[in-house]
1. To the nearest 0.05, what FRET efficiency results for residue 367 and residue 110 with a Förster distance of 45 Å applied to their C-beta separation?
2. Would you calculate a helix-derived [θ] at 222 nm for the chain, using -39,500 (n - 2.57) for each DSSP H run of n ≥ 4 and dividing by the full residue count, to the nearest 500?
3. Taking 0.36 nm per residue of separation and subtracting the Cα-Cα distance, what length does fully extending residue 235 through residue 19 add?
4. Which whole-number percent gives the relative contact order of the chain, counting Cα pairs below 8 Å spaced six or more residues apart?
5. Would you work out the relative contact order for the range 243-376, in percent, from Cα pairs under 8 angstrom that are 6 or more residues apart?
6. Loop only per DSSP, at most 15 neighbouring Cβ atoms within 10 Å: give me the trypsin sites (Lys or Arg not before Pro) in the range 204-250, ordered by residue number.
7. With a point put 7 Å past each Cα toward its Cβ, work out how far residue 170 is from residue 282 in nm, to one decimal.
8. Using the count of nearby Cβ atoms within 10 Å as a rough guide to exposure, how do 207, 89 rank from fewest to most?
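Just so it is clear, none of the values below were taken in a lab; they were calculated from the coordinates. A quick note: this is a predicted structure, and the numbers were derived from the prediction, not measured. Glycine also receives a Cβ, built like all others from the backbone with ideal geometry; neighbour counts cover every protein chain displayed.
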Amino acid sequence: MAYVWKHPKSPFWTGIYRDDQNQWRKKSTKKTAKTTALALAIEWERAAGMGRDKILTEAISREVIGGILERTTGEKLRQSTVREFSAEWLRGKTNSRQERTAERYAMSVDRFNEFIGVKADRPISAISPHDCQKFYDNLAGQKFALASLRVEMKTISSLFNYARRLGLIATNPVLAVDLPERIKQVKRKVFTAAQVQMLINEANAEWKTAILLGYYAGLRLSDCVSLTWEGVDFAGDKLNIDVHKTGEALEIPLHPTLKDHLFKLAGDATGAICPTLAAWPAGGRSGLSKQFLAIMRKTGIGNESTDTGGQRQLSRLSFHALRASFNSGLHNKGVDQELRRKLTGHKSDIVNDRYTRTEMKTLRNAVNKLPALKLT
């Protein structure tokens with residue numbers, strides 16, 4: 001039977017009990033009250049006894065530990081399941097992140113909970129590095145692109161980091177998984193003015209508007225099709241954009257060609273400028289991206305694609321290349337990077353550099369600025 005003893009020079013009682021090997025063991029309870037210390041020692045011996053009898057399960061362990069915690073501190077042991085805890089974590093992300101980012105987090109968490117099966121309804125501490133490695137291997141087997149694999153695992157890692165900060169787990173099990181190295185960013189090509197003209201000539205009315213918005217305002221496809229007439233300020237010669245991806249508000253001056261086009265369409269119109277396109281999803285076999293590639297094919301413009309490390313092929317010429325064309329066009333006309341970042345909403349020079357292509361004419365003009373030397 002467990003009992004307690006206190007050294008005359010120590011303020012704490014020592015618990016003396018038989019451990020799981022049936023050996024007497026001494027361990028400080030870190031308690032100054034004898035009754036509390038004795039209760040703790042008795043629980044230690046009870047758990048050790050079940051261990052000797054091989055009947056100690058995860059559920060019983062948590063019950064024992066929970067009982068110790070409640071009797072010694074008055075606090076209850078948190079026993080959120082993986083599913084419950086991830087739902088709580090997602091609610092916090094939904095409140096602090098943009099809608100699309102929160103949706104991506106939710107998709108990753110749903111994939112993880114579906115993969116671990118019954119473990120999703122066990123305490124989060126039940127998830128092991130082996131579970132996380134198997135989840136990674138499963139995604140890799142589905143031919144996820146390397147960049148997508150990193151994003152998926154980083155999201156799950158954030159979930160477990162939060163649990164670790166709350167003291168629910170000691171370590172983050174995702175950290176044991178070797179993630180793929182960062183892959184080199186694929187540089188998209190840009191459209192020439194002649195190619196954009198070809199696209200406009202081939203496109204229907206709404207796609208013509210979307211293409212002009214991409215080329216003259218550098219807008220992403222989602223922002224082009226969701227732009228409303230309320231965001232067009234003819235008096236101020238500008239577009240007022242709430243960027244779907246970042247939530248940032250941008251003011252972009254209206255290029256004369258774009259302004260004339262929109263002015264002819266305006267009339268008494270309200271709502272989305274491209275209402276039909278706004279109803280279509282961006283991705284998918286018949287989504288907006290595929291529709292734009294079909295317009296490119298009709299004009300004879302190729303969409304050279306490159307491998308992303310998975311099943312997906314990334315087109316180096318796509319609607320998003322209009323954004324690079326906008327940024328590169330400004331660059332080649334001498335517009336400095338600070339102004340280009342204000343117009344595109346890029347957060348850093350590094351990101352902006354990915355959208356910058358320098359024409360040979362610009363490079364030649366730069367080289368020709370060097371002084372001429374006399375040759376003998």
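1. Details: r = 55 Å, r/R0 = 1.21.
Result of the calculation: an efficiency of 0.25.
2. Working: 16 runs with 192 residues, N = 376.
Value at 222 nm, helices only, nearest 500: -16000 deg cm²/dmol.
3. On the way: separation 216, 0.36 × 216 = 77.76 nm, distance 8.24 nm.
Stretched fully, the residue 235-residue 19 segment lengthens by 69.5 nm.
4. Relative contact order of the chain: 12 percent.
5. Numbers: 78 pairs, mean separation 21.4, N = 134.
Worked out over the range 243-376, it gives 16 percent.
6. Details: sites: 208, 220, 238, 245; in loops: 220, 245.
Loop-located and lightly packed - 245.
7. 4.3
8. Details: 207 23, 89 20.
Least to most surrounded, the residues fall as 89, 207.
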